[in-house]
Structure formats: structure tokens, C-alpha cells
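Beneath this line is the structure, given in C-alpha cells, with notes to follow.
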Amino acid sequence: MAIGIFGKNKGSSGAKTLDGVILPEHIGIIMDGNGRWAKKRGLPRKAGHRAGAKNFRTITKHCANIGIKYLTVYAFSTENWKRPESEVQALMELFKSYLEEAIRDFKDEDIVVRFIGDKTAFSPELQALIRENEECSKDRSGMVLNIAMNYGGRDEIVRAAKRIAQRAVDGEISLDDITEQAVSDNLYTAGQPDPDLIIRPSGEYRISNFLLWQSAYAEYVILDDVLWPDFSKEMLENCILEYARRNRRFGSV
Ligand code: FPP
């Protein structure tokens, strides 16, 4: 796994454009650093998440505008329930207000909204909004946006294993049918290409249980000194340029 580390300000040089660059088909983003962004300003953590949500919309639309086909954002992990109740509550409120607006907001951009993760843990109201967002955007033809909520890569793989095992127990498949493709077909992202590029601002060098199976050959770009609410369109384009410079060999020479 290659890790690209931008030092101070290098993520915003803006010297080149994306003209003629082969774009990643699928980008994953770990939207990290909201809490630190708020702390630096003497604000409560939920103010950081609000700023993060605003930036999420800006960056999502920019991805769609420049021609990215799939974008997966990590909004809430299976482990984030361990945060203080007040912070979890604030995030749930944010998801709700965001989802109420998202239906209109992403319509003009022609974005297909999907949710990956275990939705059953959310309130009935939030689950209804999730369904409504998926239902009303499913026939659009633009970028697919996967919002990972109550998502964990390990949990996703266990679920896939159980689904496959059940089919074997029921005699529908044999051991030889259990292939890498069969696992991929039983993930939340079934039918989608694996991520080519995964971006993590805020300088943490971790995967944090994000797209574990799918990221086997993803290129990572980690930005030091940039917290998610400050991650700009220009920085996104520089991450893509960094990705385009990589020599992807997929285990070959
Ligand atoms: C990680 O930063 C961020 C989160 C756990 C929440 C991400 C959520 C959003 C950006 C809200 C927008 C999403 C949608 C779909 C509306 P952190 O809190 O761990 O930051 P820290 O490491 O600085 O404490």
C-alpha cells in the first residue's frame, strides 16, 4: 500500500489542472478532523461536524462536476457509537437535517445517493429519510455517492460470510463457488468498482475499518496539516494529480 504524504500546504499548490489526467473511477474519503477543527476555534465538537457536513456537500458536488463516477464517504463508523452520547446525538440530528435537504440538493447534480452500513440501528425517522433519498435518486444516471453510516469493514465482511455460508447450508452453492468475486458480490458495494484512491485528511495514518476488502489495491493519499472542514476543491484535485503519478501494478511487475 503506497502512502502519499503531503507536507504543509503542499495539498493546495494548485499549479496544475486535471486536463488530460486519467481520473480515478472511485474515490473514498475518510472525513477526519472535525473535532480538532472545532477545538482550534474554541467551539464545541458538533460545530466541527456541522462545518464538516457543509464541506461534504461542496466536495461531493465537485467530484460529480469533474467526472468522478463513484464517491464513498465515511460519515459514521460502527465504532463511533462509543463517542459521548451528546456527540452521537448531534451527529444523528445533523444526518437528519442533511437528509431532509439532500433530496433537493443533489438533484441538479444528478447524484445517485446510496447508504452503506447497517441502517437498522438508526431511528425509524432517519431510516425513512435514508429510504426516501435512495428511492428518489435511484434512476439518476450521474455519480453514485455511497454514504457510509454505521459502517465497518469487518462487520461488512462478516455479513458477507454469513450470507454465503447460508447459501452453502441451504445447498444452493458448493465450496468451489466461494470465490473472491462471491465475497465482493455480497458486500454493500456489490456491483461497484473497488476504490482507486482513498483520501484521508488530518494526518492520521490509519484505515479505521473503512472499505477493508475493497481497498486491497487502492492508492492512499494522506494529507498532513489539513482538517476535513478545510479540505478544498483544489486539494481534492491535487490528490487526484498525486494519484495519477502513481504506478499501479496490482501485484504484477
Ligand atoms: C471524524 O472526525 C468525523 C466523523 C466521525 C463524522 C463525519 C461526519 C460528517 C463530516 C458529517 C457529514 C456527513 C453527512 C453525511 C451529513 P473526528 O470527529 O474524529 O475529528 P477529530 O479526529 O479531530 O476528533
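The values are calculated or read from the model by the stated rules, or taken from the named source; none is laboratory data. Quick caveat: nothing in here was measured; it's all calculated off a predicted structure. Every residue, glycine among them, receives a Cβ derived from its backbone with ideal geometry; neighbour counts consider all protein chains shown.
Residue by residue, here is whether (1) part of a loop (DSSP other than H, G, I, E, B); (2) under 25 Å from Lys107 (Cα atoms) holds:
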residue: Ala190; (1), (2): yes, yes
residue: Gly203; (1), (2): yes, no
residue: Arg206; (1), (2): yes, no
residue: Cys239; (1), (2): no, no
Which condition breaks for Gly48 when tested against (1) small (Gly, Ala, Ser); (2) touching a Pro at 6+ places or on another chain (Cβ under 8 Å); (3) more than 11 Å from the ligand (Cβ to nearest atom)? (3)
I'd like to check something: does region 52-62 contain any residue that is near the ligand (Cβ under 10 Å from one of its atoms) and either in contact with a His (Cβ under 7 Å, 6 or more places away or on another chain) or farther than 25 Å from Val221 by Cβ (or both)? no
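Being outside any helix (DSSP H, G or I) and under 24 Å from Asn209 (Cα atoms) is the filter; apply it to region 78-107 and report the residue that is nearest to the chain's Cα centre (by Cα). Spell out the reasoning first.
Restricting attention to region 78-107, the residues satisfying the condition of being outside any helix (DSSP H, G or I) are 78-79, 83-84, 106-107.
Within this subset, residues satisfying the condition of being under 24 Å from Asn209 (Cα atoms) are 78-79, 83-84.
Numbers: Thr78: 14, Glu79: 16, Arg83: 20, Pro84: 23 Å.
So, considering only residues that are outside any helix (DSSP H, G or I) and under 24 Å from Asn209 (Cα atoms), the one nearest to the chain's Cα centre (by Cα) is Thr78.
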Kindly indicate whether Leu71 is within 19 Å of Phe210 (Cα to Cα) and more than 11 Å from the ligand (Cβ to nearest atom). yes
Name the residues in region 108-138 that are among the aliphatic types (A, V, I, L, M), touching a strand residue (DSSP E or B) at 6+ places or on another chain (Cβ under 8 Å) and either assigned to a helix (DSSP H, G or I) or more than 21 Å from Cys63 (Cβ to Cβ) (or both), would you? Ala121, Ile130
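Of Ser215, Ser184, which residue is assigned to a loop (DSSP other than H, G, I, E, B), among the polar types (S, T, N, Q) and touching a residue at least 12 places away in the same chain (Cβ under 8 Å)?
Ser215
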Between Asp185, Asp230, which is farther than 29 Å from Lys39 by Cβ and surrounded by fewer than 20 Cβ atoms within 10 Å (Cβ to Cβ)? Asp185
Can you tell me which residues in region 19-32 are loosely packed, with under 15 Cβ neighbours inside 10 Å and either in contact with a Leu (Cβ under 8 Å, 6 or more places away or on another chain) or modelled with pLDDT under 50 (or both)? none
What residue, among those in region 25-45 that are within 8 Å of the ligand (Cβ to nearest atom) and either within 15 Å of the chain's Cα centre (by Cα) or in a strand (DSSP E or B) (or both), is farthest from Asp230 (Cα to Cα)? Ile30
